[in-house]
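See below for the structure under consideration.
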Amino acid sequence: MATRQSIEDFISKCQQAVEFAQEQYNHTARQEHYNADGYTEALKALEDAYNEMAVLALSANSQQRERLNRMRLQLQGIQNDLILQRH
């Protein structure tokens, strides 16, 4: 079973990835294609967090899985925004 602290640490890591991705999204919106490295790094961080979440969810209880699911939706939302952003 996943510990409460491991879930908290992971949620914090995901929130940092979301914040970084939002910064890159905003920066890319202003700079267009000149921010390719940060943009790619943000997408990779989101994908890594999503993959790690899938593993962690296997050992989580129902309440923890609910928190992870809400975070998954946030990750997917910003990931979609980054992918669909028009240049």
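Side notes on the structure shown:
- Difference of contour (0.36 nm per residue) and Cα-Cα distance, THR3 to ARG70: 22.3 nm
- Pairwise inverse Cα distances across segment 4-84, averaged and inverted, put the Kirkwood hydrodynamic radius at 13.0 Å.
- Figure legend: label point modelled 7 angstrom from the Cα of LEU56 along Cα→Cβ; residues of segment 63-87 with amide N under 17 Å from it are 63-79.
- Distant-in-sequence amide contacts of ALA60, defined by a placed amide H-H separation under 5 Å and a gap of 5 or more residues or a different chain, comprise ALA2.
- Label-to-label distance for SER12 and ARG30 is 2.9 nm, based on points extended 7 Å past Cα in the beta-carbon direction.
- Principal-axis tilt of helix 36-57 within the chain, Cα atoms, nearest 10 degrees: 10
- Charged-residue dipole, Cβ positions (Lys, Arg, Asp, Glu), the chain about Cα centre, Debye nearest 20: 320
- Across the chain, the mean sequence separation of Cα contacts (distance under 8 Å, 6 or more residues apart), normalised by length, yields a relative contact order of 43 percent.
Taken together, the values in this text are just the output of simple stated rules run on the coordinates, not laboratory data. Computed from a prediction, not measured in an experiment: that's the story for all the values here. Using ideal geometry, Cβ is built from the backbone for each residue, glycine included, and neighbour counts are taken over all protein chains shown.
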